[in-house]
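These notes are about the structure you will find just below.
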Amino acid sequence: MYQDFELRYTYTGNSPNDVWQKVGVLQEHRGVDLFGISHPQIHTFIQTQLIPRCPPDEWHFINKMQALWNYHLRKFTLASIKWNEFFIEWYNETKTVVEITTSLKKLYPPNYIIKEREMRAWRTMLNHAGCTNITPYTRDVSPYEFWTRSGDPSCDREILHFLYTLEFLHPFPGQYRNDGDIFWNCFHQALEANKKGYDGKRRILSIIAEKFSYNILMEKLKIAQGTIFEAKKYARINGPGCVVIEKPIRKVKRITSEQKQQFDSFFQDKAHVIMSSYKTDAKTGQPVVYLKNTKNLLWEKFKENFPNGIKRITFYTQLIGRQYIYREDLGGLCFTCSTYGYETFEEIINLIKEKINDVELQDIFSQRCHFLKCYLKKEYEEHLVVTGHGITSHDPCINHCLLYAFGFKNNLGLSYHEEIQEYQNRILYYLAHQTRKTYLNAQFNAALLDLNEDSALLVVDYKMKILPKTARETKQEFFGKKGWALHTVLLYTKPKESFEINIQAIDHWSTDARQDAWFSACSLHSVIENLDIKPKWISIISDN
């Protein structure tokens with residue numbers, strides 16, 4: 001109470017009448033009358049500010065239920081539904097518990113979908129109508145809810161919880177439960193009909209693997225835990241039911257481009273290999289290469305030439321396959337090597353066995369012939385040193401061996417000296433052939449070093465004959481036969497400002513099988529006429 005605009009006294013009570021009684025004056029009047037609360041307008045205003053409520057015993061009062069409807073649900077649902085009949089029928093029924101989802105669907109048209117906002121408004125109205133939610137499970141398990149209008153909902157709540165715990169109460173109605181069984185049966189049949197693997201069971205199971213727990217999937221589909229794990233992993237990587245994503249192919253280069261270039265240049269040198277003119281590796285498509293020495297000897301030479309190149313194991317790994325072949329007898333010898341290099345030594349050995357009676361001398365001279373034959377075949381090329389610029393170096397071992405190669409003629413009569421001299425001339429011719437071959441190989445490497453954008457290198461080589469009946473005969477099978485001859489010219493050019501060399505193989509066919517100057521001239525003429533860019537100068541290397 002205020003006096004002269006100052007607070008003098010304070011009274012507190014449960015109602016306006018209690019407060020006024022404590023004041024102690026004008027007790028013949030009530031507090032509600034003095035404060036104006038009993039006035040009709042004030043009373044109406046207070047009622048409008050209160051949230052309307054209506055217990056189940058008053059559901060038959062239309063004005064109270066209408067106020068409840070107007071306040072909670074009118075704005076969120078259809079105006080044409082008979083909502084009041086729902087409460088009247090529920091009140092007249094003996095049971096106090098209803099499933100609200102199926103009960104509300106009876107009020108709406110058949111295809112109407114109750115949205116979540118509208119469902120929240122229904123729950124609020126039911127709460128203020130004296131109803132209680134007694135659902136024993138959460139909404140994650142099932143969207144169906146149980147409500148009671150009982151004044152003491154604890155009894156109904158305990159009953160439903162007891163039935164649900166013992167699995168007598170199912171969270172889904174019977175009609176939906178049957179559809180679920182059909183779904184699981186169909187899915188189980190799909191898994192049984194498909195094979196194992198990424199494109200089978202795992203892909204199908206990935207459709208639902210992320211949506212269900214391990215226990216449910218193991219119970220419904222009778223599958224192992226590992227299968228579910230792989231299906232979940234598949235869904236996270238590729239997507240539920242999607243096709244397997246193609247993984248990029250990872251290529252690991254064990255050697256650098258520089259080391260690869262060193263390896264290729266080493267095995268392109270004719271001092272180390274002999275390239276086949278008609279055989280290719282089926283896997284790589286590259287020409288078959290015959291190794292002149294064993295892999296161990298080739299590795300020692302490679303290590304001397306490229307000390308910082310690839311290591312020994314990598315070197316041997318690169319030789320795995322059918323492109324690099326080591327053979328003692330390469331076959332397919334040219335006419336000069338066959339006649340002067342091999343047949344001559346066989347005739348000399350036969351002459352020694354026939355004309356020399358002493359067994360010890362036979363063994364000595366036969367062994368010398370064998371050593372000379374092996375020397376001219378392999379070791380001679382190693383002693384004949386040709387520099388990178390095509391210049392030969394003197395080696396005293398060569399001259400020394402040749403001086404004493406035919407010393408056995410002193411042990412024969414003079415009548416055989418002429419025959420032995422003929423053999424010596426043949427071997428010298430074979431020696432010249434070997435020297436020329438080694439020198440040409442070195443000249444080829446020297447010509448490649450001098451190659452630039454204004455020049456070109458032509459390597460002319462007689463390749464093979466294509467016979468009328470067979471086309472797969474080796475060289476030793478078609479010597480002396482007639483047929484179509486193949487001449488190949490290799491064109492080496494070097495682009496401007498580039499370290500790479502372009503190689504083109506140009507084939508020339510002719511019915512003239514002779515290896516003469518006319519044949520080579522025809523091949524060169526056809527190649528030079530068809531060059532797109534004419535070089536300023538050309539180097540030509542040929543064995544014809």
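A few comments on the model shown:
- In loop segments of segment 284-314 as defined by DSSP, the trypsin sites (Lys or Arg not before Pro) with at most 15 further C-beta atoms inside 10 Å of their C-beta are K311.
- Within the same chain, lysines fewer than 8 places from K222 are excluded, and of the rest, those with a Cα less than 20 Å from its Cα are K195, K196, K201, K211, K232, K233.
- Summarising the amide proton neighbourhood of Y324: residues at separation of 5 or more, or on other chains, whose placed amide H is nearer than 5 Å comprise V289.
- All Cα pairs of segment 182-238, percent lying beyond 15 Å: 39 percent
- When you restrict to C-alpha pairs under 8 Å that are six or more residues apart and normalise by the size of segment 182-238, the relative contact order lands at 37 percent.
- The length gained by stretching the chain between I503 and C242 to full extension, at 0.36 nm per residue less their Cα-Cα distance, is 89.2 nm.
- Only Lys, Arg (+1) and Asp, Glu (-1) charged, at Cβ; segment 93-249 dipole about Cα centre in debye: 620 debye
- Whole-Hz ³J(HN,Hα) from phi, Karplus 6.51 cos²θ - 1.76 cosθ + 1.60, for segment 17-30, glycine and proline x: 5, 5, 5, 6, 5, 6, 5, x, 10, 6, 6, 6, 10, 8
- Each Lys or Arg adds one and each Asp or Glu subtracts one; over the other residues with Cβ under 14 Å from the Cβ of D199, this totals +3.
- Averaging the Cα positions of each part gives two centres, and for segment 224-244 and segment 353-368 these lie 83 Å apart.
- Low-density loop positions, GluC sites (Glu not before Pro), segment 218-257 - DSSP coil, at most 10 other Cβ in 10 Å: E246
- For the residue pairs K311/K536; K260/K496; K270/K496; K105/K220, the C-alpha atoms sit more than 32 angstrom apart in K311/K536.
- With contacts taken as Cα pairs under 8 Å at a separation of at least 6 residues, segment 56-166 carries a relative contact order of 31 percent.
- Additional length obtainable on full extension of the chain from E99 to E418, 0.36 nm per residue less Cα span: 102.1 nm
- Pairwise label distance in nanometres, K301 with K115, each label 7 Å out on the Cα-Cβ vector: 8.7 nm
- Cβ-defined net charge surrounding Q286, 15 Å radius [Lys, Arg +1; Asp, Glu -1]: +2
- ³J(HN,Hα), Karplus 6.51/-1.76/1.60, whole Hz, each residue of segment 239-251, x for Gly, Pro: x, x, x, 7, 6, 4, 6, 6, 7, x, 6, 8, 10
- All aspartates and glutamates inside 19 Å of K292 as judged from Cα atoms, apart from same-chain residues fewer than 8 positions distant: D264, D269, D281, E300, E304, E328, D329, E379, E381, E382
- Across segment 490-511, the residues whose backbone nitrogen lies under 15 Å from the label position 7 Å along the beta-carbon direction of I533 are 491-504.
- Sites matching trypsin sites (Lys or Arg not before Pro) across segment 48-113 that sit in DSSP coil, with at most 14 neighbouring C-beta atoms within 10 Å: R53, K82, K95, K106
- Built amide H within the under 5 Å cut-off of L169, gap 5+: Y164
- Estimated distance in nm for a label pair at T12 and Q286, the labels positioned 7 Å out from Cα along Cα-to-Cβ: 10.1 nm
- Long-range HN-HN contacts of I540 with modeled amide H, under 5 Å: L458
Every number in this text was worked out from the coordinates using simple rules, so none of it is lab data. Worth saying up front: this structure is predicted, and the values here are computed from it rather than measured. In this analysis, Cβ positions are derived from the backbone assuming ideal geometry, glycine residues included, and neighbour counts consider all displayed protein chains.
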